[in-house]
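Chemist: One structure coming up, written as structure tokens, with questions to follow.
The values are calculated or read from the model by the stated rules, or taken from the named source; none is laboratory data. These numbers come from a predicted model, not from an experiment. Note: ideal-geometry Cβ built from the backbone for every residue, glycine included; neighbour counts use all protein chains shown. Heavy atoms of the whole protein, side chains included, go into the accessibility calculation; ligands, DNA and RNA do not. Shrake-Rupley method; radii C 1.70, N 1.55, O 1.52, S 1.80 Å.
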Amino acid sequence: MEFSLTDEQQQLRRTVREFAEGEIAPHVMEWDEASRFPAEIIPKLSEMGFLGVIFPERYGGAGLGYLEYAIIIEELSRVDGSVGIIVAAHNSLCTNHIYKFGTEDQRKKYVVPLAQGEKLGCWSLTEPEAGSDAGGTRSVATRKDGGWLINGSKTFTTNGHYADVCVAMAATDLTKKQHGISAFVVDRGTPGFRPGKKENKLGLRASDTSEVVFTDCHIADENLLGKEGEGFINSLQILDGGRISIASLGLGMAQGAYECALSYAKQRKQFGKPIAEFQAIQFKLADMATEIEAARLLTYQAAWFADRSIASGDHESRFTRESSMAKLYAGEVAVRVANEAVQIHGGYGFIKDYPAEKYYRDVKLCTIGEGTSEIQRLVIARRVLGKS
């Protein structure tokens, strides 16, 4: 077993960290306080190749693997989870769904500009009445005039107001439940398609989370993504990679929270010495460091399984167990680490002059997005018990 990163991967980490600290860090609190989408950073992310990480060069991507992708999301999120999740939703959800299940024409039309960063993507599965029970989708697509007429609304869509391309799930046969849901690619500006309410969130406030609404939205038959009735099943496969994204997101934010707590503990003096010299603080730091490293190993293992799947050329192979374990553990570690970071800061952890309070707000999403911790435990249990 090889636990070290290659020289290229280590250089990638340094490059992303330098970019995040130089281009993102100076604006983090400004974006967060205003709940403002950082549109000005998107072209810079594109220039760095971060918007097409896991896609082949022939489709405009960087041609890297999931391990490199995990490193990129981790390092961006170490500075700002909002930027991390913008990049994650674009890569592993929207663009990846088209790449894995689209036709060659769809790949050329959509994956190329998405991977090159000329367009931004979003992915819409969740509905107000279909969260953990995503199979309960009530948005409906009916055949009409050689295409499809979509009606309904989706919620909690990352990048919803700013995306040029949306991959959305809608029921094409309500009687078949999960096997009657199909995926569609919808272009921004399509009549009957619009972003809805922008959510006012606890954390990750610079990322856009919103509704998308379909009102007699007519799209061509060529915009059906994958086979009719297989959209939900394909979505579960896409979520395997999406959970690596959230694991990396949590890992990065946990690392950032730990580092700010460590730095503060070395500087803050009480009773005549730095609080880092007190055993109570040392134990907290030791537990934080250990749990972060365990989360990193689980996350990188899941990414390795994903890369092995890609290398085999088998788009149907699954790494559900590994990605769910990584997402579950890294997300919950992030919450624990951020909580301890605030505690180490004491009263200063409760105010916005220090980064601990923002990490504390941001990390909670990691136990909810891409399937709650409870759903992850169900997914893992089914794999452990040998159930599908």
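Chemist: If a/c stays under 1.5 just call it rounded; otherwise compare a/b with b/c (prolate if a/b is bigger, oblate if not). Do that for region 125-191, with a ≥ b ≥ c from the square roots of the Cα gyration tensor eigenvalues.
Modeler: Values: a/c = 2.33, a/b = 1.11, b/c = 2.10.
Verdict is oblate for region 125-191.
Chemist: Also: Past 23 Å, Cα to Cα, is the threshold; run 100/387; 119/198; 109/201; 201/266; 44/197; 108/177 against it and keep the listed order.
Modeler: On the way: 100/387 25 Å; 119/198 20 Å; 109/201 34 Å; 201/266 33 Å; 44/197 27 Å; 108/177 31 Å.
Pairs exceeding the cut-off: 100/387; 109/201; 201/266; 44/197; 108/177.
Chemist: Ok, one more. Remind me, relative contact order of the chain in percent, using alpha carbon pairs under 8 angstrom and six or more residues apart?
Modeler: Values: 765 pairs, mean separation 61.6, N = 388.
Worked out over the chain, it gives 16 percent.
Chemist: List the residues of region 314-353 whose backbone N lies under 19 Å from a point placed 7 Å from the Cα of residue 270 along the Cα-to-Cβ direction.
Modeler: Flagged as within label range: 337-353.
Chemist: In terms of the Cα gyration tensor, with a ≥ b ≥ c the square roots of its eigenvalues, is region 1-131 rounded because a/c is under 1.5, prolate because a/b exceeds b/c, or oblate? Write out the running numbers ahead of the final one.
Modeler: Values: a/c = 1.59, a/b = 1.10, b/c = 1.45.
It comes out oblate by the Cα gyration axes.
Chemist: Still on this structure, please answer the following. Label points 7 Å out from Cα along the Cβ direction at residue 133 and residue 283: separation in nm?
Modeler: In this crude label model, residue 133 to residue 283 measures out at 4.4 nm.
Chemist: Longest span of the chain, sites excluded, free of GluC sites (Glu not before Pro) in DSSP loop with at most 14 other C-beta atoms within 10 Å? If you can, show how the numbers build up before the last one.
Modeler: Working: sites that count: 2, 118, 129, 316.
Answer from the scan: 130-315.
Chemist: Okay, moving on. Expressed in nm to one decimal, what extension gain is obtained for the pair residue 143 and residue 3 from 0.36 nm per residue of sequence separation less their Cα-Cα distance?
Modeler: Working: separation 140, 0.36 × 140 = 50.40 nm, distance 5.18 nm.
Answer, rounded to one decimal: 45.2 nm.
Chemist: So, one more: Note down the Stokes-Einstein diffusion coefficient of the chain in µm²/s, whole number, using a Kirkwood radius over alpha carbon pairs, 25 °C, and 0.890 mPa s.
Modeler: Working: Rh = 21.2 Å.
D, rounded to a whole number, is 116 µm²/s.
Chemist: I need the chymotrypsin sites (Phe, Trp or Tyr not before Pro) found in region 131-234, filtered to DSSP loop residues with at most 14 other beta carbons within 10 Å of theirs.
Modeler: Details: sites: 148, 156, 162, 184, 193, 214, 232; in loops: 162.
Taking region 131-234 and a limit of 14 other Cβ atoms within 10 Å, no loop chymotrypsin sites (Phe, Trp or Tyr not before Pro) are found.
Chemist: Please identify every one of the trypsin sites (Lys or Arg not before Pro) in region 35-121 that sits in a loop by DSSP and has no more than 12 other beta carbons within 10 Å of its own beta carbon. Could the numbers behind the result be given before it?
Modeler: On the way: sites: 36, 44, 58, 78, 100, 107, 108, 109, 119; in loops: 36, 119.
Passing both the DSSP loop test and the Cβ count: no residue.
Chemist: Would you mind computing, in nm to one decimal, how far apart the modelled labels at residue 368 and residue 290 are, each placed 7 Å from Cα along Cα→Cβ?
Modeler: 3.1
Chemist: Between region 272-291 and region 211-247, what is the C-alpha centre distance in whole Å?
Modeler: Centre-to-centre distance over Cα atoms comes out at 46 Å.
Chemist: Oh, and also: Three principal axis extents, largest first, for the C-alpha atoms of region 249-374, in Å?
Modeler: Here the Cα extents, ordered largest to smallest, are 61, 23, 22 Å.
Chemist: Okay, helix-only estimate at 222 nm for the chain: each DSSP H run of n ≥ 4 adds -39500 (n - 2.57), divide by all residues, round to 500 deg cm²/dmol; what do you get? The partial results should precede the final answer.
Modeler: Details: 12 runs with 174 residues, N = 388.
It comes out at -14500 deg cm²/dmol, rounded to the nearest 500.
Chemist: From the protein chains alone at 1.4 Å, what is the descending order of accessible area for 161, 179, largest first?
Modeler: 179, 161
Chemist: I would also like to ask the following. Which of rounded, prolate or oblate describes region 140-254 when judged by the alpha-carbon gyration tensor and an a/c cut-off of 1.5? Walk me through the numbers on the way to the answer.
Modeler: Details: a/c = 2.36, a/b = 1.45, b/c = 1.63.
Here region 140-254 falls in the oblate category.
Chemist: If you consider only alpha-carbon coordinates, what radius of gyration and Dmax does region 44-119 have, in Å?
Modeler: Both quantities, over Cα of region 44-119: 11.6, 37 Å.
Chemist: Provide the gained length on full extension for the span residue 382 to residue 263, in nm with one decimal, where the gain is 0.36 nm per separating residue minus the Cα-Cα distance. Kindly include the intermediate steps, with their values, before the conclusion.
Modeler: Working: separation 119, 0.36 × 119 = 42.84 nm, distance 4.18 nm.
Working it through step by step, the gained length comes to 38.7 nm.
Chemist: Can you tally the net charge around residue 18? Count Lys and Arg as +1, Asp and Glu as -1, for every other residue whose Cβ sits under 13 Å from the Cβ of residue 18.
Modeler: Every neighbour counted, the sum reads +2.
Chemist: Restricting attention to region 1-75, which chymotrypsin sites (Phe, Trp or Tyr not before Pro) occupy a DSSP loop and are surrounded by at most 10 other Cβ atoms within 10 Å? Could you put the intermediate results ahead of the total?
Modeler: Values: sites: 3, 19, 31, 50, 59, 66, 69; in loops: 3, 50.
Passing both the DSSP loop test and the Cβ count: 3.
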